[in-house]
Amino acid sequence: MLKLLGMSLALVALAGCTALTPMTRPKAAFHGPVPIANSTPHDEALVCLSKTPEVRNSGIMLAVHTITDQTNKFNSDEGSFVPRDVAAMLITALQKAGMKQVNRTNTVVTEWEIARAKEQLLGDGGTATVGNQTVEFRPVTKGTIRGSDYVIDGALTQLDFNTYSGGAEATVGGLGAGARAFALTAAADIRVTNTQTTRIVRAGSYAKQAIGTEVYASVFRFFSNELFDVKIGDKSQEGLHAGVRWLMAEAAYDIVASLVHHQGSCDKYLPAATQEIRAEANMQTAVVKP
């Protein structure tokens, strides 16, 4: 017990020496890994789509509305397990696929500026010509806001924990070791609606498993009435939010390929397992058709 007390006093003294004090030079900021452009294993296939004549000549204008979290699963410490709205992820994936889009997720600034332009209060730092008249404010011209051909929305509708698990662990004489694996599944239902007729032209459900593994060795020791647990080893878990981003990339590929009637030349850039699953699904569809 005296040994533990001595160690505690030493830590307090060390903390006092390293604490920031007034009138000292600021500490240099810590910079971790450099930022990078976020990507998914589907990105190569999406970029391939953007270069196809089907996409370049389609003229289709898309709008993404909302893709909300309807799983209703959260905890008090971390909040929702999945993003509350993943529309931004889908917009990014559609952009990589080369599709034209109009903003329908946040039009607050646009609406504010249109209102000020109608009041002739908004300017662009110069003059504008309206007919034969020169004005110093931004004119409001009829028909300048581009309408969409299709709107995409939906929801994250499924989050199932521990869809499978396995492993083993044992503790002998206070020494423990083990290995575990587990998975959870997130899914979204996405629909595409013709904005002129309100007809739903496509609806699909997409799921993504997130895999976690843990390998550890535990040492248990008792000091008085306190339990100390030291874990040494390796732990890795696939990010759930990253998995949802990949899920949106898969949905984007399907949606774009369907709308522009893509013939499948970009499928070869999809992950091998994805190609296998698509081939199996196509075979099942062919069997069902008369």
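The values are calculated or read from the model by the stated rules, or taken from the named source; none is laboratory data. As the structure is a prediction and not an experimental result, all values here were calculated from the model. Please note: Cβ atoms are built from the backbone with ideal geometry, for glycine as well, and neighbour counts cover all protein chains shown. To get the accessible areas, we keep the full protein, side chains included, count just its heavy atoms, and leave off ligands, DNA and RNA. Shrake-Rupley method; radii C 1.70, N 1.55, O 1.52, S 1.80 Å.
Numbers for the structure displayed
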| item | result |
| --- | --- |
| Selection from segment 41-77 of residues that are assigned to a loop (DSSP other than H, G, I, E, B), polar (S, T, N, Q) and under 30 Å from Gly147 (Cβ atoms) | Thr52, Asn57, Ser58, Gln70 |
| Scan of segment 198-216 for residues that are open to solvent by 40 Å² or more (accessible area, probe 1.4 Å), in contact with a strand residue (DSSP E or B) (Cβ under 9 Å, 6 or more places away or on another chain) and either at pLDDT below 90 or more than 15 Å from Thr157 (Cβ to Cβ) (or both), ordered by number | Arg199, Ile200, Val201, Arg202, Gln209, Ile211, Thr213, Val215 |
| Any chance Met61 is modelled with pLDDT of 95 or more and more than 17 Å from Ala249 (Cβ to Cβ) | yes |
| Top-ranked residue in segment 105-163 [being of a type in the set (Gly, Ala, Ser) and out of contact with any strand residue (DSSP E or B) (no Cβ under 8 Å at 6 or more places or on another chain); ranked as least open to solvent (accessible area, probe 1.4 Å)] | Ala117 |
| Filter result (under 18 Å from the mean Cα position of the chain (by Cα) and among the acidic types (Asp, Glu)) within segment 235-276 | Glu238, Glu250, Asp254 |
